[in-house]
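The values are calculated or read from the model by the stated rules, or taken from the named source; none is laboratory data. No experiment lies behind these values; they were computed from the predicted model shown. We place every Cβ from the backbone using ideal geometry, glycine too, and count neighbours over all the protein chains shown.
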Amino acid sequence: MSAPVNPQRTIAELKELRALTGNEHGAQRVAFTPVWTATRAWLRQKLAALPVETHTDAAGNLWSTLPGESERALLIGGHMDSVPNGGWLDGCLNVLAGLEIVRRLNEQYHGRPPVTVRLVDWADEEGARFGKSLFGSSACSGNLNLDEARGLKDRDGIALPAALQAVGVELERVKESGVELQNAAAYLELHIEQGPVLLDLDLPLGAVLGTFGVERHAITFHGQAAHSGSTPMNRRKDAFLAAAKMSQEIYDIAARSQGGVCTIGSCTTQPGIVTSVVAECRLTLDQRHLDAPALARMLVEARAASERFAREGGVTVTWERLWDIAPRPFHPELIALADAAIHETCGKSLRLPSGPLHDAAEVARAGVPTVMMFVQSLHGISHNKIEDTREEHLALCVTAFDRLAAKTMEWIQAGR
Ligand SMILES: [Zn+2]
């Protein structure tokens with residue numbers, strides 16, 4: 001007879017944490033600040049009631065281990081840090097649901113589960129202070145760019161290495177945290193969806209297929225400034241007109257891509273005055289897809305469209321790559337287990353991609369079989385104090401995530 005997990009305790013602890021680390025503007029658990037340190041102390045106190053070994057690794061990630069019969073480890077992760085004025089669930093729901101699962105396993109197996117179980121609280125997932133997200137998990141996966149990290153400063157001019165030093169982390173050694181993944185057999189992460197897909201379909205939970213790849217570019221159309229009164233319409237080289245046609249086309253490109261999204265997030269014009277035809281128009285384009293060839297195709301189509309509209313309008317166009325990241329598909333067998341755990345819990349499920357990046361993407365990148373579970377977000381909103389999820393859905397997600405943990409332990413034991 002297995003010991004039951006207690007989702008109501010998770011909900012009560014989330015409220016306790018909100019009272020301790022939030023104010024009228026929302027959650028204030030920004031990484032490497034005193035509130036974050038207090039959050040960690042609160043978590044450690046909860047963990048102290050269990051027969052676990054807890055330590056901080058070289059990157060400031062907190063690991064808590066319940067040793068099992070086998071050294072092969074089931075990892076459950078999340079992040080206690082938040083953005084300033086953040087929501088009460090983003091990141092900490094993952095950790096506190098994981099804590100509840102460790103309690104359940106400890107009770108069921110009298111302190112010694114068949115495989116080792118490890119809870120991880122990643123350091124600075126949000127990147128709110130230094131503008132670089134997934135700090136702790138990318139250090140652990142070995143993908144953190146140290147040259148870039150050395151130069152990061154917060155709004156007050158404090159450098160990242162100094163902020164890290166204040167919490168006992170040495171930037172030059174953060175990649176030593178990779179040793180923590182040595183016996184990792186699987187990684188699970190629960191998260192609020194942060195979008196409206198589950199809400200619109202009236203579904204409480206979904207199994208996550210992976211995180212989107214991203215292509216981010218600046219596109220500049222070059223035309224000719226000319227007087228808005230004296231220049232006949234047929235004599236214009238209007239950079240804005242080409243950009244405007246392009247921005248409409250990206251909706252068609254997204255629609256053809258089967259599941260991708262495209263955004264023109266900014267548009268600036270020169271000379272930018274009311275009496276001149278636009279000489280130069282710069283757009284930023286952000287394209288995302290779960291499938292690498294589909295993402296590449298979206299980019300090719302956007303380029304072709306920009307060149308076509310430039311030619312038609314008698315202007316020229318140039319492209320500049322701003323940033324890109326490959327799609328990170330999760331493990332197919334673990335996706336199936338997550339889907340089954342959700343079905344058993346609430347009778348219906350959905351497999352969906354994640355638009356935002358998560359620590360899970362870095363763990364998957366390090367080669368550890370990974371999957372995530374999403375719970376519905378009310379309003380489809382997060383990084384905001386109005387972020388919320390119905391309590392009945394919070395209870396369901398803890399139950400389903402616990403089922404996924406049980407299934408994954410069996411999967412590890414079967415030697416997968
Ligand atoms: Zn998060």
task: Could you identify the single residue in Thr345, Thr370, Thr408 that is buried (at least 24 other Cβ atoms within 10 Å of the Cβ) and more than 16 Å from the ligand (Cβ to nearest atom)?
output: Thr408
- prompt: Listed residues Ala19, Ala31, Ala49; which is assigned to a loop (DSSP other than H, G, I, E, B) and within 18 Å of Gly87 (Cα to Cα)?
  reply: Ala31
query: Based on what the data block shows, is Val398 buried (at least 24 other Cβ atoms within 10 Å of the Cβ), outside the structural domain of Asp121 (by TED's automatic domain parsing) and either in contact (Cβ under 8 Å) with a residue 12 or more places away in the chain or more than 16 Å from the ligand (Cβ to nearest atom) (or both)?
result: no
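Restricted to region 191-227, and to residues that are part of a loop (DSSP other than H, G, I, E, B) and in contact with a strand residue (DSSP E or B) (Cβ under 6 Å, 6 or more places away or on another chain), which residue is nearest to Glu333 (Cα to Cα)? I'd like the intermediate steps shown before the answer.
Keep residues of region 191-227 that are part of a loop (DSSP other than H, G, I, E, B), which gives 193-196, 201-204, 212, 223-226.
Narrowing further to those that are in contact with a strand residue (DSSP E or B) (Cβ under 6 Å, 6 or more places away or on another chain): 193, 212, 225.
Working: Glu193: 21, Phe212: 19, Ala225: 58 Å.
Step by step, filter region 191-227, then rank; the result is Phe212.
Quick grid of which residues meet (1) outside the structural domain of Gln287 (by TED's automatic domain parsing); (2) hydrophobic (A, V, I, L, M, F, W, C):
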site	(1), (2)
Trp319	no, yes
Leu334	yes, yes
Ala338	yes, yes
His343	yes, no
Cys346	yes, yes
Pro353	yes, no
Pro356	yes, no
Filter result for the condition that a residue is at pLDDT below 95 and of a type in the set (A, V, I, L, M, F, W, C), over Ala97, Ala128: Ala128
query: Leu198 fails exactly one of the following numbered conditions: (1) modelled with pLDDT of 95 or more; (2) under 19 Å from Phe374 (Cβ atoms); (3) not assigned by TED's automatic domain parsing to the domain that holds Ile335. What is the number of that condition?
result: (3)
- line: Filtering region 181-195 for residues that are in contact (Cβ under 8 Å) with a residue 40 or more places away in the chain and either more than 16 Å from the ligand (Cβ to nearest atom) or outside the structural domain of Ile101 (by TED's automatic domain parsing) (or both) leaves a count of 5
query: Can you tell me which residue in region 304-331 is surrounded by the most Cβ atoms within 10 Å (Cβ to Cβ), limited to those that are modelled with pLDDT under 95 and over 17 Å from the mean Cα position of the chain (by Cα)?
result: Leu322
